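The block underneath contains the structure these notes are about, expressed in structure tokens.
We did not get these values from a lab; they are worked out from the coordinates using the rules stated. Remember, predicted model here, so these are calculated numbers, not experimental data. Using ideal geometry, Cβ is built from the backbone for each residue, glycine included, and neighbour counts are taken over all protein chains shown.
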Amino acid sequence: MLKDSVAVIDVGSSKITGMIGENGVNENFIIRAYTEMPTFVISTGEIESVEEFSSVIKKVFVSLEESARAKISEVHFSVPSNFLAVRNSSQQMYLNKRKKLKKRDVEEYLSAASKPLYVAGYELVDCTGVQYLLDGQKRVTTLTGNVTSSITGMTTFYFAEKTFVKAVRDTLSSIGVKKVKFVPVPVAESLLLFSEKERFAFEVLIDVGCSVTSFSVLYGGGVLYNTSFALGGGYITAYLMQRFNLKSYDLAEKIKRKLNLTVSPDYNGFYEVSDGDNMYRYPQQACNEVARFMISELAEKIDEAIKGCNVRLPSDYNLSLTGGGIAYVRGAKEFLFGAVEIPVNVLCPKTSYMAKPEETSKMAVLNYALNYKGV
């Protein structure tokens with residue numbers, strides 16, 4: 001393994017990506033090796049075939065080692081929202097005296113906080129501090145190294161589906177990986193996209209992928225609520241195929257990338273796309289109607305998630321949109337705003353490259369692996 005580098009594998013609903021990277025200057029990253037492979041094995045939000053899932057992971061891992069010309073013994077592996085259960089727990093602990101918190105003090109606190117938590121069919125894989133008050137005053141999101149005589153706070157515990165965890169561990173173990181660390185995607189994205197000040201003002205993050213969308217309410221260093229639903233930008237592509245009786249997914253995808261939802265409804269233009277040596281024209285309004293229908297369905301799901309999250313959000317909150325599902329469709333943000341009646345902002349990694357919404361998840365996992373040092 002390259003010095004100061006980490007290996008990460010990120011699972012999306014249309015591809016699995018592997019990277020070896022390290023911290024660069026100005027909060028950028030140096031990518032030493034990169035590979036990605038398309039797969040729709042979890043396009044429904046579940047592992048449809050463990051064998052195929054395992055096969056793609058192996059191919060990504062082997063390609064990564066070959067590209068880096070290095071042996072990888074440890075991997076940070078993403079856990080998308082659809083394989084994640086989030087639970088929060090509040091806990092108080094009083095010490096005999098004011099002292100510098102050591103690892104065992106933090107472990108004792110977390111053990112007490114996690115004791116009442118259990119999710120059937122899931123395994124605890126990580127935790128982050130929502131916020132802690134030290135001596136009743138100082139607010140922090142990490143405990144180790146701070147000086148205090150008491151801790152009062154809340155911790156987010158992340159549970160991953162056991163079937164997912166087992167499939168990943170068994171696969172990587174069979175090809176020589178000694179250690180797998182699971183990274184919850186919602187909190188990793190939170191730490192990448194938002195400043196500490198922003199996180200303590202509440203953030204609502206919607207990551208729209210190809211076929212799965214996640215909804216997360218973020219606060220401090222944790223996740224107050226998280227859910228997902230099988231709906232994403234790939235549905236626009238599928239609806240276009242159905243609407244125009246297309247046999248080619250790639251052709252439908254090309255149409256989707258031409259969409260502009262800001263044009264007037266009475267405009268009778270066409271989208272022109274090429275497929276090999278052939279050029280095709282599709283009515284603009286008919287194509288736009290397909291996208292608007294899907295985004296309207298997404299808005300309904302978002303409304304349901306907001307009503308079901310049981311978090312009292314501030315009156316002036318916005319929705320932050322990321323992921324490659326609809327963020328690049330012109331006018332999608334504005335149409336979603338009109339449907340949910342909540343301001344929508346599109347976010348992407350603040351890096352000099354890979355600064356696109358579709359890169360958020362993988363870059364967030366890399367950032368988390370490199371820079372998050374635990375509670």
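Assorted remarks:
- Only a single item in (1) farther than 27 Å from residue 197 by Cα; (2) touching a residue at least 60 places away in the same chain (Cβ under 8 Å) is not met by residue 118, and it is number (2).
- Flag for residue 206 being more than 15 Å from the chain's Cα centre (by Cα) and surrounded by 21 or more Cβ atoms within 10 Å (Cβ to Cβ): no
- Tally, over segment 152-178, of residues that are under 23 Å from residue 118 (Cα atoms) and touching a strand residue (DSSP E or B) at 6+ places or on another chain (Cβ under 8 Å): 15
- Condition met for residue 27 (outside any helix (DSSP H, G or I), out of contact with any helix residue (DSSP H, G or I) (no Cβ under 6 Å at 6 or more places or on another chain) and farther than 23 Å from residue 234 by Cα): yes
- Scanning segment 30-54 for residues that are surrounded by 15 or more Cβ atoms within 10 Å (Cβ to Cβ) and within 17 Å of residue 75 (Cβ to Cβ) gives 31, 32, 33, 34, 35, 36, 53, 54.
- For first residues located in segment 336-348 and in contact (Cβ under 8 Å) with a residue 24 or more places away in the chain, partners that are surrounded by fewer than 16 Cβ atoms within 10 Å (Cβ to Cβ) and assigned to a helix (DSSP H, G or I) and lie 6+ apart or on another chain with Cβ distances below 7 Å form the pairs 339/296; 340/303.
- Near pairs, Cβ below 8 angstrom, 6+ apart or cross-chain, from segment 30-56 (within 15 Å of residue 212 (Cβ to Cβ)) to any residue that is of a type in the set (D, E, K, R) and part of a helix (DSSP H, G or I): 39/52; 41/52
- Test result for residue 201, surrounded by fewer than 16 Cβ atoms within 10 Å (Cβ to Cβ), within 26 Å of residue 349 (Cβ to Cβ) and of a type in the set (A, V, I, L, M): yes
- Selection over segment 37-73 of residues that are assigned to a strand (DSSP E or B) and farther than 18 Å from residue 175 by Cβ gives a count of 1.
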